[in-house]
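Please treat every number below as a calculation from the coordinates, not as lab data. Keep in mind that this is a model prediction, so the values were computed, not measured. When we count neighbours, we look across all protein chains shown, and the Cβ atoms used for this are built from the backbone with ideal geometry, even at glycine.
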Amino acid sequence: MTDNGTAAAAATGTLGYEQARDELIEVVRRLEAGGTTLEESLALWERGEELAKICRHWLEGARARLDAALARPQDEPGGGPGSDD
């Protein structure tokens, strides 16, 4: 289900958003296709829950960064699209 790079990243807890999203898509595809045993389905579902949590973490972090950037006054360095940086 995963390549060696993704498996290694998952083992160390450093799975990126895109990696987690792509693996989650594959998990959902396999569950929707059926043909797995109950035990396999449960393992896939549990992995899907973990991947969804990772994706939520990345998205919440991105939202916080955007909110912080938007809250910064425009005259500060890195102040936004209209700044002179």
Report the label-to-label distance for Ala69 and Glu18 in nanometres (one decimal), using points 7 Å from each Cα along the Cα→Cβ vector. 1.7
Using r as the Cβ-Cβ distance of Leu59 and Glu26, and R0 as 25 Å, what FRET efficiency do you calculate, to the nearest 0.05? 0.85
